[in-house]
Amino acid sequence: MARKSCNVPSLSLTFSIISLLLHSTPFAVGHDYHDALRKSILFFEGQRSGKLPPDQRVRWRRDSALHDGATAGVDLTGGYYDAGDNIKFGFPMAFTATLLSWSIIDFGRNMGSELGNALRAVKWATDYLLKATAVDGVVFVQVGDPYSDHNCWERPEDMDTLRTAYKIDRDRPGSDVAGETAAALAAASIVFRSRDPAYSSLLLDRAVKVFEFADNHRGAYSSSLHSAVCPFYCDVNGYQDELLWGAAWLHKATRRREYREYIVRNEVVLRAGDTINEFGWDNKHAGINILISKEVLMGKADDLKSFQINADGFICSLLPGISHPQVQYSPGGLIFKAGGSNMQHVTSLSFLLLAYSNYLSHANHAVPCGETSASPALLKRLAKHQVDYILGDNPLKMSYMVGYGDRYPRRIHHRASSLPSVVAHPAHIGCKAGSRYYLSPNPNPNLLVGAVVGGPNSTDAFPDSRPFFQESEPTTYINAPLVGLLAYFSAHP
Ligand SMILES: *[C@@H]1O[C@H](CO)[C@@H](O)[C@H](O)[C@H]1NC(C)=O
């Protein structure tokens with residue numbers, strides 16, 4: 001897993017990024033965005049838990065964790081391992097499903113032949129989320145004891161660690177994870193609305209119920225579950241944002257008045273304006289403002305105008321040299337935030353830039369930033385610049401996506417990828433027997449194609465070493481927004 005901390009680096013703004021934005025990039029090799037898109041989606045198959053289907057393309061993976069939920073008397077098989085370990089963390093899994101869905105809602109028409117695979121990637125998550133929310137007033141939010149799991153370097157197929165199932169309920173609430181789960185189910189219901197109407201309404205009905213539970217029984221899951229979820233996916237910034245986020249997706253999915261009124265009524269109480277240049281599994285504020293702004297820009301929601309003002313302010317804070325305080329950039333031009341797994345910030349912030357740019361274009365609008373203004377085209381260039389950095393236009397001239405280009409990370413912090421596959425080595429490899437593979441300087445035997453790792457540090461350096469998990473670990477929520485970005489740029493290179 002990829003946790004985060006709160007120390008802030010002091011980077012000086014480099015002016016090369018400004019010129020990169022104003023002119024076309026000097027690297028400009030031209031990327032195969034469709035190939036990268038295909039790989040970014042394929043990655044999710046490598047993260048699958050449970051019984052694998054006959055059309056599984058990542059063949060070095062096998063069935064795993066087939067008894068998940070048994071200790072609690074329920075079926076919780078399926079879903080995704082979050083990163084390089086074998087835990088199913090519900091909070092980031094739900095966020096991943098929300099962002100994969102948003103990628104398809106906004107950019108599915110650009111996916112061409114990959115649309116089917118993208119839909120399957122969403123469904124693998126939502127099938128699991130439906131199991132996790134099958135009982136009213138209960139959400140199973142995690143399977144796997146993180147201490148037991150992190151103590152071992154084991155293939156998912158071999159796991160003999162504790163598969164404890166953790167839940168929230170009315171007595172031990174978790175509005176954060178329940179709110180995000182409701183958002184994921186609602187967003188996916190839009191994805192499947194015309195493609196599988198029965199599945200779509202199942203998702204939407206469940207989203208409504210889970211949101212009700214999240215709102216009526218308020219609390220942070222970190223306070224209910226303590227060390228089972230912290231310091232792993234601890235909700236640092238509170239559950240208020242997930243309530244607004246859940247309501248925003250339910251509003252988009254149902255068009256019911258009650259959600260619109262909920263948003264207007266709770267905007268201040270739930271601190272919609274708290275945008276701190278961040279968008280990820282913990283902090284949804286920027287996403288809420290961008291999502292709701294679409295309707296304002298379409299002229300359908302003057303009562304929600306303040307969300308657009310927040311969204312504008314957030315966007316300005318991403319533009320180098322335009323406003324203060326602003327997000328920081330590495331000397332090579334990559335968005336950089338401290339705390340590890342930086343690429344999660346790069347892909348999610350770039351996704352918001354691109355999504356907002358499209359909403360602005362349709363409304364023939366630009367973002368006012370102090371004395372100047374930012375055009376939709378400028379936002380797109382910045383997002384594209386970040387994507388191109390990931391694919392190889394960077395000081396090390398390497399791609400941070402496994403299997404894309406000639407040079408890419410070979411020693412990713414990922415148990416299944418770094419241990420020999422079940423095909424190559426059918427015998428069980430025990431908890432500590434895996435350590436020698438973890439410590440080996442050799443490249444991983446199994447290519448987790450499409451995995452995007454945490455990425456370089458603040459000076460664009462990358463160790464390509466398993467123990468450096470902040471740089472070398474892939475996660476599902478790094479890839480989810482990247483799927484949308486790559487779809488768009490594959491159609492508009
Ligand atoms: C970045 O990584 C390089 C190489 O591993 C190292 O020399 C440098 O000190 C690191 N920089 C920071 C700011 O951590």
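Qualifying trypsin sites (Lys or Arg not before Pro) in the stretch 336-403, where qualification requires a DSSP coil assignment and no more than 13 other C-beta atoms within 10 Å, comprise 397.
Residues 385, 414, 226 in ascending order of nearby Cβ atoms (within 10 Å, fewest first): 226, 385, 414. Ranked by the mean number of other Cβ atoms within 10 Å of their residues, highest first, the peptides 95-103, 443-451, 296-304, 42-50 fall in the order 95-103, 42-50, 443-451, 296-304. Given an 8 Å cut-off on Cα distances and at least 6 residues of separation, report the relative contact order of the chain as a percent. Relative contact order of the chain: 22 percent. Our note on the geometry: Cα centres of the stretch 310-368 and the stretch 96-132, 24 Å apart.
Cα gyration tensor of the stretch 11-491, axes a ≥ b ≥ c as square roots of the eigenvalues: rounded (a/c below 1.5), prolate (a/b > b/c) or oblate? Judged from the Cα gyration tensor, the stretch 11-491 comes out oblate (a/c at least 1.5, b/c at or above a/b). How would you classify the stretch 186-327 from its alpha-carbon gyration tensor, with a ≥ b ≥ c the square roots of the eigenvalues: rounded for a/c under 1.5, else prolate if a/b is greater than b/c, otherwise oblate? Oblate shape, in that a/c is at least 1.5 and b/c is the bigger or equal ratio.
Inter-label distance, residue 109 to residue 459: 4.7 nm, where each label sits 7 Å from its Cα along the C-beta direction. Extension gain for the segment residue 127 to residue 72, taken as residue separation times 0.36 nm less the Cα-Cα distance, is 18.0 nm to one decimal.
Would you please give the FRET efficiency between residue 201 and residue 373, computed as 1/(1 + (r/R0)^6) with r the Cβ-Cβ distance and R0 = 45 Å, to the nearest 0.05? In this case the efficiency is close to 0.60. Partner lysines whose Cα lies under 25 Å from the Cα of residue 209, excluding those fewer than 8 positions away in the same chain, are identified as 88, 123, 131, 167, 252, 284. As a proxy for reagent exposure, 483, 135, 422 were ordered by neighbouring Cβ count within 10 angstrom, fewest first; the result is 135, 422, 483. Computed from backbone phi with θ = phi - 60° and the Karplus coefficients 6.51, -1.76 and 1.60, the 3J(HN,Hα) list for the stretch 75-89 is 9, 10, 6, x, x, 10, 6, 6, 7, x, 10, 10, 8, 9, 8 Hz; x is used for glycine and proline. With contributions of -39500 (n - 2.57) from each DSSP H run of at least four residues, the per-residue ellipticity at 222 nm computed over the chain stands at -14000 deg cm²/dmol.
Computed from point charges on the beta carbon alone (+1 for Lys and Arg, -1 for Asp and Glu), the dipole magnitude for the chain about its Cα centre is near 700 Debye.
Sequence-distant contacts, meaning Cα pairs under 8 Å at least 6 residues apart, place the relative contact order of the stretch 219-377 at 16 percent.
A full extension of the chain between residue 151 and residue 212 corresponds to an added length of 18.2 nm, given 0.36 nm per residue minus the alpha carbon distance.
The listed peptides 338-345, 154-161, 267-274, ordered by packing as a protection proxy, come out as 338-345, 154-161, 267-274 (highest mean of other Cβ atoms within 10 Å first). Protection proxy ranking of 64-76, 239-251, 166-178, by the mean of other Cβ atoms within 10 Å over each peptide's residues and highest first, is 239-251, 166-178, 64-76. Here r is the Cβ-Cβ distance between residue 264 and residue 57 and R0 is 41 Å; the resulting FRET efficiency, rounded to 0.05, is 0.35. Along the axis of the charge dipole computed for the chain (Cβ charges of +1 for Lys and Arg, -1 for Asp and Glu, origin at the Cα centre), the listed residues 428, 231, 341 are led at the positive end by 428.
Quick note: the coordinates plus some simple rules give every number you see, no bench work behind them. What you are looking at is a predicted structure, and each value in this text was computed from that prediction instead of being measured. Because the Cβ atoms are built from the backbone with ideal geometry, glycine has one as well, and the counts that use them run over all protein chains shown.
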